[in-house]
Each structure stands twice: as C-alpha cells, then as structure tokens.
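Working notes for the structure below.
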Amino acid sequence: MAQITEIHHDVARAPRYFVQVVYTELQPDSHFVAGQPASPKHVWVRVDLRSGRTADQKRRLLERLTTEVGAIVGVDVEEVWVRLGRADCGLTNPPGVLERHRRAEHRRVRSTAASAR
C-alpha cells in the first residue's frame with residue numbers, strides 16, 4: 001500500500017525501499033484480546049523501526065498510521081492498534097539487493113523532479 005510507504009518515508013525518513021507491507025488475513029476466532037475473540041473490524045499494524053528515530057517521530061508515526069490506516073480500510077481509529085518495535089537485526093539481503101533498490105529510488109526521484117519542471 002503506497003500510503004503506508006509514504007507515511008513511513010515522510011515521518012521516519014526511511015528510504016522507500018526499506019518499507020515492506022505485508023497483509024495477513026486472520027480467520028474468525030484466531031486472534032483474541034483479553035481472552036475474547038477480537039473484533040472482526042480490528043486492524044493490527046506492526047512496525048519494525050531501525051534505531052535512531054526520535055520520540056517525536058515515533059509519536060507522529062503512531063498518529064498518522066492509526067488515522068490513515070483507519071481511513072484506508074474504513075474502520076474507526078479505535079479499531080486500529082499500532083505497535084512500534086525495534087528492528088535490531090543486521091541486513092539480511094543478498095549482496096547488491098539494497099544497492100539496486102537505492103539506485104531505483106534515486107532514478108524515480110530524479111524523474112519526478114524533472115517532470116515537475
């Protein structure tokens with residue numbers, strides 16, 4: 001979902017190619033909150049952040065993801081729970097993968113800037 005990528009890029013200043021969005025549809029009665037089946041409208045968002053984000057960036061990321069994901073999927077913000085976690089692992093991609101994504105992002109940015117002139 002492009003909006004989630006843009007939120008993360010705008011607030012956390014992460015390169016777009018670092019943002020991964022994975023959807024997992026849960027079956028009824030497969031997720032529980034306080035021992036009861038979770039609302040079928042409930043949306044969980046898990047964000048694995050690399051170190052270096054400020055408290056203000058984290059707060060803004062929580063606010064924007066909660067509000068905008070709720071609007072995107074059509075549920076009240078009370079149904080959207082966002083969890084920010086730390087991604088403390090090292091890079092796991094094969095050599096060259098991130099570099100290819102970085103170059104593609106730079107080409108996209110240059111192309112967008114050139115077409116705006």
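The values are calculated or read from the model by the stated rules, or taken from the named source; none is laboratory data. Everything numeric here is computed off the predicted structure, so don't read it as measured data. Methodologically, a virtual Cβ is constructed for each residue, glycine included, from the backbone with ideal geometry; neighbour enumeration extends over all protein chains shown.
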> Does residue 66 fit the bill of being hydroxyl-bearing (Ser, Thr, Tyr) and either in contact with a Cys (Cβ under 7 Å, 6 or more places away or on another chain) or surrounded by 11 or more Cβ atoms within 10 Å (Cβ to Cβ) (or both)?
Replying inline: yes
> Can you pull out the residues in region 15-51 that are surrounded by 14 or more Cβ atoms within 10 Å (Cβ to Cβ) and either basic (Lys, Arg) or within 10 Å of the chain's Cα centre (by Cα) (or both)?
Replying inline: 16, 18, 19, 45, 47, 49
>> For region 20-57: of the residues being under 15 Å from residue 85 (Cβ atoms) and β-branched (Val, Ile, Thr), which is modelled with the highest pLDDT?
In response: 45
>> I'd like to check something: does region 93-106 contain any residue that is at pLDDT 85 or above and surrounded by fewer than 10 Cβ atoms within 10 Å (Cβ to Cβ)?
In response: no
> Only one of 65, 84 is within 20 Å of residue 4 (Cα to Cα), at pLDDT 70 or above and either among the β-branched types (Val, Ile, Thr) or part of a helix (DSSP H, G or I) (or both); which?
Replying inline: 65
